[in-house]
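Report on one structure; see the data block that follows.
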Amino acid sequence: MPTRTLVKHALDATAPADAILLQGWVRTRRDAKAFSFIEVNDGSCLKGIQVIANATLPNYAAEIARAHTGAAIEVRGQLVPSQGQGQKWEVIAESFTIIGEADATYPLQKKGHTLEFLREIAHLRPRSNLFGAVFRVRSRLAYAVHQFFQERNFFYVHTPIITASDAEGAGDMFRVTTLDLAHPPMTEDGQVDATKDFFGKKTFLTVSGQLEGEIFAHALSNIYTFGPTFRAENSNTSRHAAEFWMIEPEVAFCDLEGDMTLAEEFVKYLIRDARTHCAADLEFFAKFVDKDLLARLDFVLEKPFVRCSYTEAVEILAQSGKTWEHPVAWGANLQAEHERYLTEEHFKCPVTVYNYPRAIKAFYMRQTDGCAPERQTVAAMDLLVPGIGEIIGGSQREERLDQLRAGMALHHLDEKAYWWYLDLRRYGTVPHAGFGLGFERMLMFVTGVANIRDVIPFARTPGTADF
RNA sequence: UGCCCGGUAGCUCAGUGGCAGAGCAGGUGACUGUUAAUCACUUGGUCGCUGGUUCGAUCCCAGCCCGGGCAGCCA
């Protein structure tokens with residue numbers, strides 16, 4: 001009894017095989033008078049393998065019609081060089097069994113479907129060519145994330161999903177509670193009594209593991225997190241999800257310069273890894289999703305990323321001769337149209353913008369030394385890529401206690417809530433830096449897929465949490 | 001959240017103030033080492049929902065629901 005052969009391995013065979021076992025799902029079937037061609041796919045790779053089922057098989061007459069698109073099937077037979085054009089190997093069935101039927105209501109057809117339709121059948125879309133390819137690349141890149149950091153002596157830290165920090169400044173948070181919403185316990189002054197909640201206080205889903213990551217960077221030196229992150233913002237765009245995966249390295253004894261270098265090496269590593277290990281899937285994207293994909297990925301690999309200070313960026317934008325929907329002025333945040341212009345038109349390559357105005361950035365970012373009082377900046381950086389915009393946001397953190405407290409005062413934060421964060425600056429503080437990479441945005445860039453809902457298995461966006 | 005576009009067969013779409021259309025999918029048959037096979041025939045409809053205008057609304061109007069695009073927020 002042969003063990004199962006994955007379609008990927010059968011297609012890569014170097015010699016015929018007398019007895020192999022294939023298990024997978026029927027993609028298409030073409031009937032001839034004396035036999036049928038059945039294309040079987042098992043998800044191990046983009047392509048399926050062609051199976052020839054002769055009409056002489058004992059169950060052929062009774063069962064071949066049940067081998068619809070979508071049916072699960074098991075085939076035993078010989079792997080032989082194909083007599084036809086279009087494939088190197090095929091399998092002559094010595095037996096076939098319908099394991100699980102799929103009737104005519106099976107929604108996936110041989111012809112193309114819109115991405116919008118496929119989103120509505122998220123339980124079946126991984127069986128399509130496009131989504132099979134997307135999720136194979138996703139798996140590979142998740143592996144490459146660990147490989148990149150482990151090779152560089154970073155430790156993987158599991159920061160909490162549930163957090164009591166409610167003002168990290170990264171966005172609106174989802175409340176986590178076990179209280180009865182219809183009859184919550186109340187305090188004497190008519191407020192919901194959070195002390196009666198599961199954790200004895202208000203808790204939320206995390207918007208970032210950064211602050212906890214800093215704790216571990218102050219012990220293990222180089223760390224990274226990689227996990228789900230939640231934002232309760234009513235964002236309805238192709239680049240935002242309420243639940244997404246983020247990678248956040250944090251490095252002790254590191255400044256903004258080192259942070260930018262790490263970010264650039266990381267992005268290039270992931271692209272190179274996909275280019276090497278997901279070649280067939282990327283070619284599929286280049287053919288059906290984005291014709292320029294491979295050229296753009298290779299271009300990004302070859303060119304050093306441009307580094308441009310916020311102040312320089314504002315000058316470039318002001319002198320571009322363009323009319324902006326959002327005005328360009330020092331002190332205002334760069335808008336999507338500005339970021340797109342910088343990376344897509346002016347520099348035509350990934351751009352790291354750094355040293356942003358202090359007032360528009362988070363409290364923990366390090367104040368730049370020696371800048372003019374009216375133009376104070378912090379050591380923040382955003383990596384912008386063509387087609388997507390911001391893919392990474394990071395900074396050197398404020399390691400000086402007094403400056404950190406001043407930053408908290410500027411942002412009206414309560415020091416008591418951050419006592420442990422301030423302790424890091426009291427006991428063995430060091431310059432340190434880190435960044436956050438949106439895993440789905442990276443996948444969008446690598447695959448050319450334009451909507452974040454199509455690079456995450458089950459998208460959570462405002463109003464939608466199906467499956 | 002704001003602005004814009006859309007919702008007609010299982011899918012992709014056309015269309016009209018007066019009998020609801022095509023291609024694909026499905027079904028039947030033919031043909032073929034086929035490749036999103038091909039050819040012939042064929043089944044299939046609450047025209048998103050509610051209300052309004054009208055002799056008559058899928059079509060015009062309003063509200064709502066759903067999907068999408070862009071913007072803001074950010075990764």
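The values are calculated or read from the model by the stated rules, or taken from the named source; none is laboratory data. Just so you know, these numbers come straight off a predicted model, no measurement behind them. Note that we place each Cβ from the backbone using ideal geometry, even for glycine, and neighbour counts take in every protein chain shown. Areas reflect the complete protein model, heavy atoms only, side chains present, ligands, DNA and RNA absent. Shrake-Rupley method; radii C 1.70, N 1.55, O 1.52, S 1.80 Å.
Listed conditions (1) within 23 Å of A:ASP466 (Cα to Cα); (2) open to solvent by 30 Å² or more (accessible area, probe 1.4 Å) are all met by A:LEU118, apart from (2). Taking every residue in the range A:270-285 that is closer than 16 Å to A:LYS8 by Cβ and pairing it with any residue that is open to solvent by 40 Å² or more (accessible area, probe 1.4 Å), at least 6 positions away or on another chain, the pairs with Cβ-Cβ distances below 6 Å are A:HIS277/A:ARG140; A:CYS278/A:ARG140; A:ASP281/A:ARG136. Within the option set A:HIS158, A:HIS123, being loosely packed, with under 13 Cβ neighbours inside 10 Å and under 30 Å from A:TYR364 (Cβ atoms) holds for one residue only, A:HIS158. Just one of (1) of a type in the set (Asp, Glu); (2) open to solvent by 70 Å² or more (accessible area, probe 1.4 Å); (3) near RNA strand B (Cβ under 9 Å from one of its atoms); (4) touching a residue at least 12 places away in the same chain (Cβ under 8 Å) fails for A:GLU101. It is (3).
Looking across the range A:289-327, the residues that are within 16 Å of RNA strand B (Cβ to nearest atom), closer than 25 Å to A:LEU256 by Cα and free of Cβ contacts under 8 Å to residues at least 60 places away in the same chain come down to A:ALA313, A:VAL314, A:LEU317.
Taken over the range A:404-418, the criterion of being closer than 24 Å to A:CYS254 by Cα and either open to solvent by less than 10 Å² (accessible area, probe 1.4 Å) or at pLDDT below 95 (or both) is satisfied by A:LEU404, A:ALA406, A:GLY407, A:MET408, A:TYR418. Among the residues of the range A:270-292, those identified as open to solvent by less than 40 Å² (accessible area, probe 1.4 Å) and not in a helix (DSSP H, G or I) are A:CYS278, A:ASP290.
Determine whether the range A:375-397 contains at least one residue that is of a type in the set (Lys, Arg), at pLDDT below 95 and either in contact with a strand residue (DSSP E or B) (Cβ under 8 Å, 6 or more places away or on another chain) or assigned to a loop (DSSP other than H, G, I, E, B) (or both). Yes, the range A:375-397 contains at least one residue that is of a type in the set (Lys, Arg), at pLDDT below 95 and either in contact with a strand residue (DSSP E or B) (Cβ under 8 Å, 6 or more places away or on another chain) or assigned to a loop (DSSP other than H, G, I, E, B) (or both).
Of A:PHE96, A:PHE149, all but one fail to be at pLDDT 95 or above and either open to solvent by less than 20 Å² (accessible area, probe 1.4 Å) or of a type in the set (A, V, I, L, M) (or both); the exception is A:PHE149.
Picking from residues in the range A:73-121 that are assigned to a strand (DSSP E or B) and small (Gly, Ala, Ser), the one that is nearest to the chain's Cα centre (by Cα) is A:GLY100. Among the residues making up the range A:423-457, a single one is of a type in the set (Val, Ile, Thr), assigned to a helix (DSSP H, G or I) and within 10 Å of RNA strand B (Cβ to nearest atom): A:ILE452. Inside the range A:141-199, residues that are among the hydrophobic types (A, V, I, L, M, F, W, C) and farther than 29 Å from A:ALA241 by Cβ make up a count of 2. The set of residues in the range A:244-259 that are surrounded by 18 or more Cβ atoms within 10 Å (Cβ to Cβ) and either free of Cβ contacts under 8 Å to residues at least 40 places away in the same chain or within 14 Å of RNA strand B (Cβ to nearest atom) (or both) comprises A:PHE244, A:TRP245, A:MET246, A:ILE247, A:GLU248, A:PRO249, A:GLU250, A:ASP259. Only one of the listed residues (A:ALA19, A:ALA72) is among the small types (Gly, Ala, Ser), in contact with a Pro (Cβ under 6 Å, 6 or more places away or on another chain), away from RNA strand B (no atom under 13 Å from the Cβ) and in contact (Cβ under 8 Å) with a residue 24 or more places away in the chain. That residue is A:ALA19.
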